[in-house]
1. If packing is taken as the average count of other Cβ atoms within 10 Å, what order do 8-15, 48-55 fall into, highest mean first?
2. So, counting K/R as plus one and D/E as minus one, what does the shell of residues with Cβ under 13 Å around residue 56 add up to?
3. Out of these labelled values of Cα extents along the principal axes in Å, (i) 66, 20, 17; (ii) 38, 30, 19; (iii) 94, 19, 13, which was calculated from the coordinates shown here?
4. Compute the distance in nm between two label points, each set 7 Å from the Cα along the Cα-to-Cβ direction, one at residue 26 and one at residue 72.
5. Relative contact order of the chain, please, whole-number percent, based on alpha carbon pairs below 8 angstrom and at least 6 residues apart.
6. Given the peptides 21-34, 56-69, arrange them by the average over their residues of other C-beta atoms within 10 Å, most packed first.
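Where a number appears in this text, it was derived from the coordinates with a stated rule and is not lab data. Treat the numbers as computed from the prediction; the structure is a model and nothing was measured. Reconstructed Cβ throughout: ideal geometry from the backbone, glycine too, with neighbour counts over all protein chains shown.
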Amino acid sequence: MHVRAGAGCTEHHGPVGAMPLMRKSESLYMAWCLDCHRHPEQHLRPREHVFDAVWTPPEDQLAHGQRLVREYHVRGREITECYTCHR
């Protein structure tokens with residue numbers, strides 16, 4: 001689901017291409033997940049760049065992300081419901 005929505009690997013796993021040894025770069029606590037789910041436009045990228053470890057967001061990321069939310073049919077606040085992850 002994350003790849004289809006345009007969430008890049010480095011959004012979740014950090015700059016893996018620059019890590020000599022893999023480590024957890026984000027807390028992965030529920031609050032961290034919810035922050036992104038509440039404001040996905042700040043974290044989305046074109047699908048063709050999801051696996052691109054050196055992709056950098058454009059200066060107008062908010063407008064770019066809002067367009068991707070519409071284009072990829074990202075469900076916005078609906079994806080913060082508990083059952084989305086806790087089935």
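1. The densest-packed peptide leads the list: 8-15, 48-55.
2. For residues surrounding residue 56, the net value is -3.
3. Entry (ii).
4. Each label point is offset 7 Å from its Cα along the Cβ direction, giving 1.2 nm.
5. Once normalised by length, the contact order is 36 percent.
6. My ranking of the peptides, most packed first, is 56-69, 21-34.
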